[in-house]
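The values are calculated or read from the model by the stated rules, or taken from the named source; none is laboratory data. Fair warning: this is a prediction, and the values are worked out from it, not measured in the lab. Ideal geometry is used to build each Cβ from the backbone, glycine not excepted, and the neighbour counts take in all protein chains shown.
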Amino acid sequence: MATDQARHGRGGGRTTPGSLAVAGLAARVAAAQRRLCAIYRLSLPLSAESFLLAPEEARERLPGAGPRTGLLAVEEGDTLWLGLYFHPQDAADPAAILEETSHWIAVVWHAAQRRPISPLLLELQAEIDRYAVARLADRRDPLGHLRQLRLRPDLTAGERERYRTAHAAARRYCGALQRHFPRRADLPEWLRELRGFYRRAPEQKLTPAA
């Protein structure tokens, strides 16, 4: 696994609004990684904020049209090139930061374990991660984001089906967690279930969510 070293070549100099914005985004991505790694007890040798790319640079590297915010993952032989990029409108959106950091963590963790992970399972895990963070933050309705699904009009039929499948599976699974572990005293068992789910073989993950 490798990353483009040019991204780490930021030198010193005068602080500008742009550099402050990048620093703020990096801090938010780092916080999301700490939060998710604590929930799932993951130890990663890499830091997501070190993989931040400008959206323009990411678009140059994407093999085709891509979302305005997302995870860049390109395989070249045995090397996996990764990058995270955020459209300026998404750079302060907690949901977007959590979702894309979730994708990055899942790809890195599965790669370190030499286990595959599909785009469908990345979306499923991100939906579950949003629920887990909301539950631990004592949100009034931690399932709120799962009550409706809004899809971009530019998605292909295959992408729309993938998002619908992941959303429906996450809604069933997270709803079951809420029913089985409704009390604050249930959190240790709730966390044990979440951590076990994260480590299940990819082909098994849709079964308990169904």
When you check Leu82 against the structure, is it in a strand (DSSP E or B) and modelled with pLDDT under 95, yes or no?
yes
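Rundown of residues vs (1) more than 18 Å from Ala126 (Cα to Cα); (2) surrounded by fewer than 19 Cβ atoms within 10 Å (Cβ to Cβ); (3) of a type in the set (D, E, K, R); (4) modelled with pLDDT of 95 or more, yes/no style:
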site	(1), (2), (3), (4)
Thr156	yes, yes, no, no
Glu161	no, yes, yes, no
Ala169	no, no, no, no
Arg172	no, yes, yes, no
Gly175	no, yes, no, yes
His180	yes, yes, no, yes
Ala185	yes, yes, no, yes
Pro188	yes, yes, no, yes
Glu193	no, yes, yes, yes
Given (1) in the same structural domain as Ala168 (by TED's automatic domain parsing); (2) surrounded by 23 or more Cβ atoms within 10 Å (Cβ to Cβ), index of the condition Trp104 fails:
(1)
Determine the pairs where a residue that is in the same structural domain as Ala134 (by TED's automatic domain parsing) and acidic (Asp, Glu), located within segment 166-194, has a partner that is surrounded by 14 or more Cβ atoms within 10 Å (Cβ to Cβ) and assigned to a helix (DSSP H, G or I) with Cβ atoms under 7 Å apart, the partner being 6 or more residues away or on another chain.
Glu193/Leu177
Enumerate the pairs (first residue in segment 111-137 and under 20 Å from Ala31 (Cα atoms); second residue anywhere and assigned to a loop (DSSP other than H, G, I, E, B)) with beta-carbon separation below 7 Å, excluding pairs fewer than 6 apart on the same chain, so at least 6 apart or on different chains.
Tyr131/Pro142; Tyr131/Leu143; Ala134/Pro142; Arg135/Pro142
